[in-house]
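Enquirer: For reference, the structure I am asking about is given below.
The values are calculated or read from the model by the stated rules, or taken from the named source; none is laboratory data. Keep in mind the model is a prediction, meaning the values are calculated, not measured. Virtual Cβ from ideal backbone geometry, glycine too; neighbours counted across all protein chains shown. Side chains are part of the model used for accessible areas, which takes the heavy atoms of the whole protein and leaves out ligands, DNA and RNA. Shrake-Rupley method; radii C 1.70, N 1.55, O 1.52, S 1.80 Å.
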Amino acid sequence: MDLRLPDQKVLTHEDGVTGFDVAKSIGPGLARAAIAVKVNGEQRDLSRPIEEDGDFEVITLDKPDGLHILRHSTAHVMAQAVLDLYPSSTFAVGPPIEDGFYYDFEVEEPFTPEDLEKIESRMAEIIAEDQPFKRVSMSRAEAIDVFSDHKFKVEIIENVDPGEVSGGEEVTAYRNDGFIDLCRGPHLPSTGRIPAFKVLRSSGAYWRGDQQREQLQRIYGTAWASEADLEEYLHRLEEAEKRDHRRLGAELDLYSFPQDLGSGLAVWHPKGGMLRKLVEDHSRRLHERFGFDFVFSPHIGKEELWQTSGHLEFYAENMYPTMQYEGDPGYRVKPMNCPFHVLVYQSRQRSYRELPMRLGELGGVYRYEQSGVIHGILRARGFTQDDSHTFCTGDQIQDELRLHLDFVLTWLRDFGFEQFEAELSTRPEQAIVDEEHRWDVAEKALAGALEAHGVTYQVAPGEGAFYGPKIDVHIKDAIGRRWQCSTIQLDVNTPRRFELEYIDSTNSPEVPYMIHCAKAGSLERFMGILVEHYAGAFPMWLAPVQISIIPVADRHDEYAGHVRERLRDAGLRVEVDLSTETVGDKIRRALTQKHPAVIVVGDDDVENSTVGLRLYGEEKDTRGVPLVEATNSLLHMARGPA
Ligand SMILES: [Zn+2]
Ligand SMILES: [Zn+2]
């Protein structure tokens, strides 16, 4: 039997050799590090005999596949610990997730922090016992018998969802010590192979994510290849907590989420309003620079419009219900701006000479989000898309996509993001496939644009929108988190649905292509990301207040007012702190507000037309800076992207 390694070397082994033996034949170090193997793309336990030729790869904990298996195995150990400690509880499902895993349980009382500590200690014992994980395979009837005390497991087996069990009549499970869980595997060889883990927190959840079903308790945990990796991750979590945009939004007085307003809806305070204005101004500036025209559209539209666009067919669960007065057609509040821009295009006959036509709008949209997923302004029910729709000919697609990608990357760089990764999502199964050829053209064109810009990307097969393939651009923030922001979608369907056309150079009607593009995605979400990325200390061009002026005593108030006027006239955003607190307290407050610059004025300054200047992040101020000089250097620092 021949096994081909990733470096193309071929190893010959007897049929039925285990993954572990193959790893050992490559080297003892690899055998020690191995936790599972991949045969022809399928992950398998180390101890499972291999019976076919093909590609072979050893999985270790330094690979994403390895971490996935580690976290999955640790989830079993967590369930085992919970069932040990709370005999009346039962378990539902527990998948690995990014950077960790969770497991859902039905318990009498929600878990307390003390419970979580106990669970963590019990898990440590199970790991210390180094219990081997054993794969067992049984019939459905047997499995229902084995899991008869656990209703969720029985429900899974009865539904035979091929995603959760091996499919068909055979069910696989993994056993370690007295614990058994339904599972496709693979697993670590034993519990002792978990190098580092931590139980993080618990929250409520519903069985099958369905609010009509049982209320469960979800425990989140994480597992890593080493203690050092775990420490680093916990540190990252702590950083993220400090940067939480909801907390900073309150501290910096940017926005709030009043309960009287409703879940997933924010009001923006004056400082947040200024931040918005700055971000929106830049958006408009770039739209103009890249040749977009502005259009405006209302927040509601006739139901029929959403029928034609396909939203009611494919997107209804995210849309708010119909509003209707008797005798009137029903209306829907818009979840997207697309149909409105289509109507602008459709307002008269179009010639190929008018294309490409790029229409942009900062359009407010409303989407119904489950209350469980709402997260400040990062995931809200009402937000503004920096949306655009470009109508073009087939010949123009390639150039247009490049221009859109250029726009998107310029936008992201202007806000200080430098690391990008893209995802190219292709035709989903539920796609409207009357346009196979156009899908192919579209997918190739998107890949071409990414390559032209040298952006690395991964293909996500089947993840495209129902009307066309798309590019999503992800950014990395200051603490290494990835955020999906921009999206460019090539639409092969909407123009047909709305029967759009243009008259081509031979005087015959043609169907245009359409490109949907959001550069920030949701502007509010983008601002939330900026708050977290900069931890509230915005670059000066984005800071709602750029400079606070602090008079040492009230006899300096007048001079402080004079300095403010000078700076304001120069175009800077300035605040004077006239409170009666001590200078030290005022400086401390300006620092917690993360104002980019603090100016302190006292007797000497009044006399010599100078200021004391302290920039954010500096330990102390520079005394006696001539006001003219301070103004010039602050102006220089406040310059934004062109
Ligand atoms: Zn498992
Ligand atoms: Zn659109």
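Enquirer: Net charge near Lys242: determine it from the other residues with C-beta under 14 Å of the C-beta of Lys242, scoring Lys and Arg +1 and Asp and Glu -1.
Expert: Neighbourhood net charge equals -1.
Enquirer: I'd like the carbon and sulfur percentage of the solvent accessible area for the range 55-208, probe radius 1.4 Å, heavy atoms only, ligands and nucleic acids excluded. Provide the component values of the computation, followed by the final result.
Expert: Numbers: 3210 of 6770 Å².
Roughly 47 percent, rounded to a whole number.
Enquirer: Sticking with this structure for a sec: Express the C-alpha Rg of the chain as a ratio against the empirical globular expectation 2.2 N^0.38 Å, rounded to two decimals.
Expert: 1.16
Enquirer: Still on this model: Can you tell me the orientation of helix 557-569 relative to the chain, as the angle in degrees between its alpha-carbon axis and the longest Cα principal axis, to the nearest 10?
Expert: 80 degrees
Enquirer: Turning to a different aspect of this structure: State the percentage of accessible surface on the range 219-314 attributable to carbon and sulfur atoms; use a 1.4 Å probe and exclude ligands, DNA and RNA.
Expert: Numbers: 2590 of 5060 Å².
Here carbon and sulfur together make up 51 percent of the probe-accessible area.
Enquirer: When the accessible area of the range 344-489 is computed with all protein chains present and a 1.4 Å probe, what percentage of it is carbon and sulfur?
Expert: The C+S portion of the solvent-accessible surface of the range 344-489 is 43 percent.
Enquirer: Can you give me the Cα centroid spacing of the range 489-552 and the range 440-463 in angstrom?
Expert: A separation of 20 Å, based on Cα centres.
Enquirer: Separate question: Report, in listed order, any pair from Lys38/Lys198; Lys271/Lys470; Lys271/Lys586; Lys63/Lys470; Lys302/Lys476 with a Cα-Cα distance greater than 30 Å. If you can, show how the numbers build up before the last one.
Expert: Details: Lys38/Lys198 27 Å; Lys271/Lys470 35 Å; Lys271/Lys586 19 Å; Lys63/Lys470 28 Å; Lys302/Lys476 40 Å.
Where the Cα-Cα span goes over 30 Å, the pairs concerned are Lys271/Lys470; Lys302/Lys476.
Enquirer: Percent relative contact order of the chain, based on C-alpha pairs within less than 8 angstrom and at least six residues apart?
Expert: In percent, rounded to a whole number, it is 8.
Enquirer: What does the charge dipole of the chain about its Cα centre add up to, to the nearest 20 debye, if the Cβ of each Lys and Arg holds +1 and the Cβ of each Asp and Glu holds -1?
Expert: On the way: 71 positive and 109 negative charges, 312 e Å.
The dipole magnitude comes to about 1500 debye.
Enquirer: DSSP loop GluC sites (Glu not before Pro) in the range 18-57 with at most 11 other Cβ atoms within 10 Å of their Cβ, which ones?
Expert: Counting only loop positions with at most 11 other Cβ atoms within 10 Å, the GluC sites (Glu not before Pro) in the range 18-57 are Glu51, Glu52.
Enquirer: Would you mind calculating the relative contact order of the range 180-332 from Cα pairs under 8 angstrom and at least 6 residues apart, reporting the percent as a whole number?
Expert: 11 percent
Enquirer: At what distance in angstrom do the alpha carbon centres of the range 1-26 and the range 102-120 lie from each other?
Expert: 43 Å
Enquirer: Just want to confirm a number: the relative contact order over the range 462-525, from Cα pairs under 8 angstrom separated by 6+ residues, in percent.
Expert: Normalised by residue count, the contact order of the range 462-525 is 30 percent.
Enquirer: If you put +1 on each Lys and Arg Cβ and -1 on each Asp and Glu Cβ, how big is the dipole of the range 272-421 around its Cα centre, in Debye rounded to 20?
Expert: It comes to approximately 300 debye.
Enquirer: Same structure again: Per residue, how much accessible surface does the chain expose to a 1.4 Å probe? Answer in Å², no decimals.
Expert: Ligands and nucleic acids excluded, the figure is 46 Å² per residue.
Enquirer: Compute the distance from the alpha-carbon center of the range 286-347 to that of the range 564-628, in whole Å.
Expert: The range 286-347 and the range 564-628 have Cα centres separated by 49 Å.
Enquirer: Would you tally the net charge around Leu635, using a Cβ to Cβ cut-off of less than 14 Å, leaving Leu635 out, and scoring K and R as +1, D and E as -1?
Expert: +2
Enquirer: Sum -39500 (n - 2.57) across every DSSP H segment of at least 4 residues in the chain, then divide by the residue count to get the 222 nm mean residue ellipticity, nearest 500.
Expert: -10500 deg cm²/dmol
Enquirer: Follow-up question, since we're still on this one. For the chain, what is the percent of antiparallel DSSP beta bridges, rounded to the nearest 5?
Expert: About 85 percent, rounded to the nearest 5.
Enquirer: List the longest stretch of the chain that has no exposed loop site; here a site is one of the trypsin sites (Lys or Arg not before Pro) assigned by DSSP to anything other than H, G, I, E or B, with at most 15 other Cβ within 10 Å.
Expert: In short, 349-619.
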